[in-house]
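FYI, it's all coordinate maths here, none of it is from the lab. Remember, predicted model here, so these are calculated numbers, not experimental data. Reconstructed Cβ throughout: ideal geometry from the backbone, glycine too, with neighbour counts over all protein chains shown.
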Amino acid sequence: MRKINYSFLFTAILGLSMLLAQPARADDFANSAVGRQLIDLGIKFLDDPGDFFFNLHTDNEDLSPLPKERNGSLRWNFFPTTLPFTWANLSAKVKIKNDSGYWPQIDLSAEYGNILALKAVKSSNDNGQEIKPSFTDYSFGATASKVMNEKTRIFGGVKFASVNMDVTFSTPVVLGDFNMSSLHFAVADTSFFMGLSQKTGDNCYTVAQLGYGCKYNKITSRLMLVYPHLELGLDIFPEGLLVIQPFLAWHWYF
């Protein structure tokens, strides 16, 4: 059995909602409208933590088509994964076929990430042997896009994504009737998506995207503003812990 000596890790992951699990603070705040909402969010997280992390993983991805004059890109999502969760990530896209005649442009994409805070945590089993908590985050996909006019492209494709975590806490975290001594989940799904990319300037685009996950019947959508090296957007999860997740990312074309 794995034991982690730093209970702050779980608190950092849950954020403010988990602070309500401390009785001294809950007494002053739990009965307020904001307090009740945060407690509901905390309970929803405890009920399905895998869904929360899977939605965060989606912020790390970019499945929109590459600009027609570019051959590839690298992307780093800064918020809300690297900050505040120390979730390092890198996604890459490469063009394997140009838009020509009846054939669309084809791009391949891949993403990998890891939570750096877990690397600093020391854990041990019952025999005193040091064991690291495990976390894996990756995805890969393919996107086909077709030019509709000078500024507009439609696109669609498929992706596979997987997020897994296995962590055990030395001190259980209690929230109401919930008692969590470990955080273990394995979430993987194949999704189909389609969208529209509108060119608004030199290396500037507005992207709207809708996706559907086959295994969990999960609907997602994205609105994104793409600037040279910068992306600002919203990922929308109708049934998620946080319905609207803003994100901030940087990219580099080549």
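Taking a straight line from the alpha carbon of residue 218, these lysines sit under 29 Å away, with near neighbours fewer than eight places off in the same chain left out: 44, 93, 95, 146, 159, 199.
By the rule of a C-alpha distance below 19 Å, with chain neighbours fewer than 8 residues away ignored, the aspartates and glutamates paired with residue 132 are 166. Apply the a/c threshold of 1.5 to the C-alpha gyration tensor of region 138-254 and tell me whether it is rounded, prolate or oblate. Prolate, because a/c is 1.5 or more and a/b exceeds b/c. Phi-derived couplings, Karplus 6.51 cos²θ - 1.76 cosθ + 1.60 at θ = phi - 60°, listed residue by residue for region 234-246: 10, 9, 10, 10, x, 10, x, 4, 10, 5, 10, 10, x Hz, with x used for Gly and Pro. Taking label positions 7 Å along the Cα-Cβ direction at both residue 110 and residue 216, the computed distance is 2.4 nm, reported to one decimal.
Taking each residue as 0.36 nm, the span from residue 102 to residue 74 lengthens on full extension beyond its C-alpha to C-alpha distance by 7.3 nm. Peptide packing: for 96-109, 67-80, the average count of neighbouring Cβ atoms within 10 Å per residue gives the ranking 67-80, 96-109, highest mean first. Peptides 55-62, 222-229, 134-141, ordered by how many other C-beta atoms sit within 10 Å of their residues on average, highest first, read 55-62, 134-141, 222-229. For residue 158 and residue 136, the difference between the fully extended length at 0.36 nm per residue and the C-alpha to C-alpha distance is 5.9 nm.
The phi-based Karplus calculation (6.51 cos²θ - 1.76 cosθ + 1.60; θ = phi - 60°) puts the 3J(HN,Hα) values of region 134-139 at 10, 8, 10, 8, 7, 7 Hz, whole numbers, x for Gly and Pro. Taking θ as phi - 60° and the Karplus parameters 6.51, -1.76 and 1.60, the scalar couplings of region 215-220 work out to 6, 9, 6, 9, 9, 9 Hz in sequence order, x denoting glycine and proline.
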